[in-house]
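Below: the structure, in structure tokens.
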Amino acid sequence: MLTRRETLSLIASSLGFTAFFPQWINLAVAGEPNQPTGFLYVSSFLTGFTKINESLVKPFHTELIAQFGHAYCKKAIADLESSFRKASTPVELTQILQQYRSFSKAILKLWFLGKFLHSKPALDVQDLAYQQGLIWQIISATPPCVPDDRDWSVPPAPSLKIAL
């Protein structure tokens, strides 16, 4: 069975999410594994974060349905969950990630960036998704335009800069 670190490393490299990998892996591996099911399980598995805002599950799921269709989402989530629960080798994990590459990337983009492209949820949901984007935890920052005691005029530490 793969460790959480090995699994996340494989997900990051398979889906092209390596720019902020060191910060992501350290935060994600530190969390305690939880036992959600369905979309929440797949989201938690892909992001590596065990504590994600459950109030965003429904709007994010709705966004994926708008993007991929209900039948595809249902099948993709079922297949991914089943495969993630039993995958024990990098080859098995890579195969399912490649099969559902665009779907998996869409899930990661939603949780990390909180950006809706295909559905139009209420503004408060859009704001919450943006503010709760996992990217802000990874770079240890507060989103711009969100009140906090940190100051965006001070550049981040060199170890937190992301090469694009």
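The values are calculated or read from the model by the stated rules, or taken from the named source; none is laboratory data. Just so you know, these numbers come straight off a predicted model, no measurement behind them. Every residue, glycine among them, receives a Cβ derived from its backbone with ideal geometry; neighbour counts consider all protein chains shown.
Couple of notes before you dig in:
- Any hit, region 59-67, residues being farther than 11 Å from residue 39 by Cβ and free of Cβ contacts under 8 Å to residues at least 40 places away in the same chain: no
- Residue 141 being surrounded by 13 or more Cβ atoms within 10 Å (Cβ to Cβ), more than 26 Å from residue 37 (Cα to Cα) and either in contact with a Phe, Trp or Tyr (Cβ under 7 Å, 6 or more places away or on another chain) or modelled with pLDDT of 75 or more (or both): yes
- Qualifying residue in region 117-133 (condition: surrounded by 18 or more Cβ atoms within 10 Å (Cβ to Cβ) and closer than 25 Å to residue 10 by Cα): yes
- Pairs, first within 13 Å of residue 77 (Cα to Cα) in region 91-105, second of a type in the set (D, E, K, R), C-beta under 8 Å, six or more apart: 96/79; 99/79; 100/79
- Within region 114-147, the set of residues being of a type in the set (S, T, N, Q) and in a helix (DSSP H, G or I) comprises 126, 131, 137.
- Wholly within region 1-113, helices (runs of 4 or more DSSP H) carrying at least 1 residues that are closer than 23 Å to residue 125 by Cβ and modelled with pLDDT of 90 or more: 38-47, 57-68, 70-86, 101-113
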